[in-house]
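Nothing in this text is a laboratory measurement; each read-out follows from the coordinates by a stated rule. Note that the coordinates shown come from a computational prediction; the quantities given were computed from them, not determined experimentally. With ideal geometry, Cβ positions are generated from the backbone for all residues, glycine too; neighbour counts draw on all protein chains shown.
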Amino acid sequence: MEIRVQEAALPEAVLVSGILTEAALWLRDRGIPWLLPEEVTASRLGPEVQAGLFFLAWSGRVAVGTMRLTPSDPLFWPEAEPGEALYLHRLAVRRAAAGGRVSSALMSWARSRAGAQGARYLRLDCEASRGRLRAVYERFGFAFHSERTVGSFVVARYQLLCTHAA
């Protein structure tokens, strides 16, 4: 299965929403809180899609995964210097395409994009108690950076060094 990643266009907000909703419901059914379906409706995601923050992974003509990339994350990385990283959020894969290839393709693409934009790191965070998810990131090459507490939420912060032209 060949995977290509492209920036989502505004009409594709419904695809982004569908993938995120499917993942959120699948996790919820397993007792793992993540996103609420009402947080990821196409209308709520539309402004971020239009701003170029969401990307879709395609297998042929089927959207099989999504992610959001932002130039900053002041809530979970407040000490970060501007431009030193891109921040990966809301990575999700359709259950029919689960198995690691799509998420790896998305993370690889994000690392390349970060490097091409001159960022030193690709960063992400996840709930600190989600050991299996943390292992996925670590197997991909992300290095544990630190934990951060925001309110009652504790996240594990990870970063991946990007290579780029100086």
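Out of everything in the range 35-75 that is among the hydroxyl-bearing types (Ser, Thr, Tyr) and in contact with a Phe, Trp or Tyr (Cβ under 9 Å, 6 or more places away or on another chain), what residue ends up being farthest from residue 21 (Cα to Cα)? In this case the residue turns out to be 72. Does residue 108 satisfy being surrounded by fewer than 21 Cβ atoms within 10 Å (Cβ to Cβ), under 26 Å from residue 148 (Cβ atoms) and without any contact (Cβ under 8 Å) to a residue 12 or more places away in the chain? Spelling it out, residue 108 is indeed surrounded by fewer than 21 Cβ atoms within 10 Å (Cβ to Cβ), under 26 Å from residue 148 (Cβ atoms) and without any contact (Cβ under 8 Å) to a residue 12 or more places away in the chain.
Residues checked against (1) under 17 Å from residue 91 (Cβ atoms); (2) exposed (fewer than 13 other Cβ atoms within 10 Å of the Cβ); (3) touching a strand residue (DSSP E or B) at 6+ places or on another chain (Cβ under 6 Å):
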| site | (1), (2), (3) |
| --- | --- |
| 8 | yes, no, yes |
| 15 | yes, no, yes |
| 19 | yes, no, yes |
| 34 | yes, no, no |
| 42 | no, no, no |
| 45 | yes, no, no |
| 60 | no, yes, no |
| 65 | yes, no, yes |
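Of all the listed residues (134, 90), the sole one being buried (at least 17 other Cβ atoms within 10 Å of the Cβ), of a type outside the set (A, V, I, L, M), touching a strand residue (DSSP E or B) at 6+ places or on another chain (Cβ under 7 Å) and in a helix (DSSP H, G or I) is 134. Restricting attention to the range 137-151 and to residues that are assigned to a helix (DSSP H, G or I) and of a type outside the set (Phe, Trp, Tyr), the residue that is nearest to residue 120 (Cα to Cα) turns out to be 138.
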